[in-house]
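Visitor: Before anything else, here's the structure in question.
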Amino acid sequence: MYISSSGNSMLCRDFLRPRIIQASLRTQKEGIDGNTKVPRNVNMEKLRSGYLFPEISKREVQHTERYPDAKLISLGIGDTTEPLPEIIASSMADYALSLSTAEGYRGYGAEQGNKALRKTIAETFYKDVQIKETEVFVSDGAQCDIIRLQLLLGSNVSIAVQDPSFPAYVDSSVIIGQAGDFEDKSRMYGNIEYMKCVPQTNFFPDLATTSRSDIIFFCSPNNPTGHAATRQQLEQLVKFAKKNGSIIVFDSAYAAYITDDSPRSIFEIPGAREVAIEVSSFSKFAGFTGIRLGWTVVPEELSFSNGFPVINDFNRIVCTCFNGASSIAQVGGLACLSPEGFAAVCSITDYYKENAKILLNTFASLGLKVYGGKNAPYLWVHFPGSKSWDVFTEILERTHIITVPGSGFGPAGEEFMRVCAFGHRESILEAARRLENLYL
C-alpha cells in the first residue's frame with residue numbers, strides 16, 4: 001500500500017464526508033444544483049489515497065480511542081521533542097515584545113530573507129564552498145520550498161526520485177502535472193523515474209541503468225533510510241547530471257546529523273554549482289518544526305537550456321508567491337547560528353543521536369537488520385517477507401508504539417519500517433524495553 005498525498009488528509013475526509021452527503025441530500029430535496037461549474041484539477045484526482053503522515057495520525061487517534069489507558073510512544077512522524085535553548089527562545093520573545101513599541105515595530109521584510117541571516121547561513125554552512133549570501137533564499141521550511149521549486153520548473157519537465165524517498169517529491173510532481181498516471185501493478189507513476197536505493201546498492205542508484213530526467217530529487221542523509229551519500233557517490237551523481245544536462249534538487253535537511261566524512265552539502269562536490277539547487281531547514285537541527293524556517297541555495301552559474309539564470313526565475317517565484325519568512329522566526333535563526341546558540345542546538349542534536357544509538361543497538365540485539373541511525377535521526381529496519389503495514393499494526397497493537405511503514409515511501413520500502421529517534425530519553429528507553437519483550 002503506497003500512501004501519498006491527497007491535499008486533504010484522511011482525517012479531514014472522515015470529518016467532511018457525512019456533511020457532504022447531508023448537503024447533497026438537502027440540495028436534491030430542494031431541487032437545487034449544489035455544485036459549481038468549476039472542474040476539479042485532474043492532477044489531484046491522480047493522487048493516491050491520503051498523505052502518509054496524516055494517515056499515521058489517523059491510526060494513532062483510532063488506537064488511542066481503543067486503548068485510552070495505554071501509554072502511546074511515537075517513533076513515527078519525525079517531530080522534535082526537546083525544548084528550545086533559552087538563548088534562542090528569549091531572542092524571539094524579546095523581538096516579539098519589541099513589536100509592541102513604536103521604535104521596534106517592523107512590517108514586511110525582504111522576500112528573500114533578512115540580509116544578516118542570509119549572510120550568516122552562507123558563512124556557517126557554506127564557508128568552504130563559496131556560496132554567496134545573495135544565492136541564499138530564506139523560507140518557511142524546506143517542504144514549502146520544494147513546492148516553490150515545482151512552480152519554478154513547471155509541468156513539462158521529467159523527474160527522478162530515490163526509491164524510497166520523502167513522499168513530497170512524488171506528490172508535488174503529481175499535483176504540478178509531471179507524474180503521469182499511477183500504475184497499480186508497479187505502484188509507480190508512469191512518467192517518474194524511480195531510482196532504486198536499497199541495501200544491495202548501498203542505498204545509491206545504479207546510474208548506468210537510470211534513464212535521463214530533467215530534475216533529480218536527491219536527499220542526503222536520506223529520509224527514510226538514514227543513509228548519507230559518500231563523496232564518491234555524490235561525485236557520480238554530479239557527473240551524471242552534467243552529462244545529461246539535468247538539475248539536482250538536493251535536500252540536506254538532516255546534514256547536521258552526519259558524524260563521518262560524508263558531504264553535508266552538494267556544493268562540496270566540484271561542478272555542482274552548474275547543476276544543483278540545495279534546500280535545507282532549521283526544523284530538525286534546531287527544533288524549528290513548529291516555528292518554520294528554512295533556506296534554498298540557487299547558484300548564479302545554474303541556467304536553463306536557453307542560458308537564462310535559474311536564480312532570476314526563482315527570485316520571481318519567491319517575490320510572487322511569498323512575503324518572506326516570519327521576522328520572529330528569522331531572529332530565532334540568527335540566534336541559532338550565534339556561537340552560543342549553535343553550541344546549544346548541536347547539544348540537542350547529539351541528544352537525538354544518542355537516542356538513535358539506543359534504538360539501533362536494540363534492533364541489532366533482536367537479530368534484525370537495521371540501517372541508518374548513525375548519520376540521521378532515522379533507522380530503517382528490515383522485516384524480511386513481511387508487509388510493512390502489517391508490521392506497523394503488529395507493533396502498534398502489541399507495544400503501543402507508533403512507527404512508519406516503509407511502503408509509504410515508495411515500492412522499494414516494502415518489508416521495511418522507519419523508526420524515528422526524536423523523543424524524550426525515558427520514552428526511547430521504554431520503547432526499547434517493549435520492543436525487546438515483543439521480539440525476544
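Visitor: What accessible area per residue, rounded to a whole number of Å², is obtained for the chain using a probe radius of 1.4 Å?
Guide: 45 Å²
Visitor: Here's another thing I want to ask about it. Any idea what the dipole of the chain comes to, in debye rounded to 20, about its Cα centre with Lys/Arg Cβ at +1 and Asp/Glu Cβ at -1?
Guide: In debye, rounded to 20, the chain gives about 700.
Visitor: Looking at segment 160-262, I'd like the Rg to Rh ratio, where Rg is from alpha-carbon atoms and Rh is Kirkwood's inverse mean 1/r.
Guide: 0.95
Visitor: Could you give the nm distance between label points at K119 and A96, where each point is 7 Å from its Cα heading toward the beta carbon?
Guide: Each label point is offset 7 Å from its Cα along the Cβ direction, giving 2.7 nm.
Visitor: Same structure, new question: Which of G76, L52, S186 sits closest to the plus end of the dipole of the chain, meaning its Cα is farthest towards the positive end, when Lys and Arg get +1 and Asp and Glu get -1 on the C-beta?
Guide: It is S186, whose Cα lies furthest towards the positive end.
Visitor: Further question: Where the accessible area of segment 86-338 is counted over protein heavy atoms with a 1.4 Å probe, how much of it, in %, is carbon and sulfur?
Guide: Carbon plus sulfur share of accessible area: 50 percent.
Visitor: Which one, V161, N361, G271, projects farthest toward the positive side of the charge dipole computed for the chain from Cβ point charges (K/R +1, D/E -1)?
Guide: Toward the positive end, the furthest listed residue is V161.
Visitor: Please identify which residues in segment 388-429 have an amide N closer than 14 Å to a label point set 7 Å out from the Cα of I358, following the Cα→Cβ vector.
Guide: Under cut-off, by backbone N: 420-429.
Visitor: Shifting gears a bit: Can you spot the lysines whose alpha carbon is less than 21 Å from K369's alpha carbon? Ignore those fewer than 8 places along the same chain.
Guide: K196, K353, K357, K387
Visitor: When the helix-only estimate is applied to the chain (DSSP H runs of n ≥ 4, each -39,500 (n - 2.57), divided by the residue count), what is the mean residue ellipticity at 222 nm, nearest 500 deg cm²/dmol?
Guide: -13000 deg cm²/dmol
Visitor: Now, a different point. For segment 301-409, what is the convex hull (Cα atoms) projected area averaged across all directions, in square nanometres?
Guide: With every direction weighted equally, the projected area is 12.4 nm².
Visitor: Sticking with the crude label model, points 7 Å out along Cα→Cβ, report the distance from Y439 to S155 in nm, one decimal please.
Guide: 4.5 nm
Visitor: Report the full-extension gain for the segment D69 to E86: residue separation times 0.36 nm, less the Cα-Cα distance, to one decimal in nm.
Guide: 2.7 nm
Visitor: Moving to a separate point now. By DSSP, what percent of the beta bridges with both residues in the chain are antiparallel, rounded to the nearest 5?
Guide: 50 percent
Visitor: Provide the three semi-axes, in whole Å and in decreasing order, of the ellipsoid equivalent to the chain as defined by the square roots of 5 times the Cα gyration tensor eigenvalues.
Guide: They are 31, 29, 27 Å, listed from largest to smallest.
Visitor: With a/c under 1.5 counting as rounded, go ahead and sort segment 86-338 into rounded, prolate or oblate using the C-alpha gyration tensor (a ≥ b ≥ c being the square roots of the eigenvalues; past the cut-off, prolate if a/b is larger than b/c, else oblate).
Guide: It is prolate, given that a/c is not under 1.5 and a/b is the larger ratio.
Visitor: Here's a follow-up. What does the charge count near P299 come to, summing +1 for each Lys or Arg and -1 for each Asp or Glu among other residues with Cβ under 12 Å from its Cβ?
Guide: Once positives and negatives cancel, what remains is -3.
Visitor: Let me ask something else about it. For an R0 of 30 angstrom, estimate the FRET efficiency from the Cβ-Cβ distance between F308 and D128 and round to the nearest 0.05.
Guide: 0.55
Visitor: Would you tell me the accessible area of T80, worked out with a 1.4 angstrom probe on the heavy atoms of the protein chains, in Å² to the nearest 10?
Guide: 20 Å²
The values are calculated or read from the model by the stated rules, or taken from the named source; none is laboratory data. The structure presented is a predicted model; accordingly, all values stated were derived computationally and were not measured. In this analysis, Cβ positions are derived from the backbone assuming ideal geometry, glycine residues included, and neighbour counts consider all displayed protein chains. These accessible areas exclude ligands, DNA and RNA; they are computed on the full protein's heavy atoms, side chains included. Shrake-Rupley method; radii C 1.70, N 1.55, O 1.52, S 1.80 Å.
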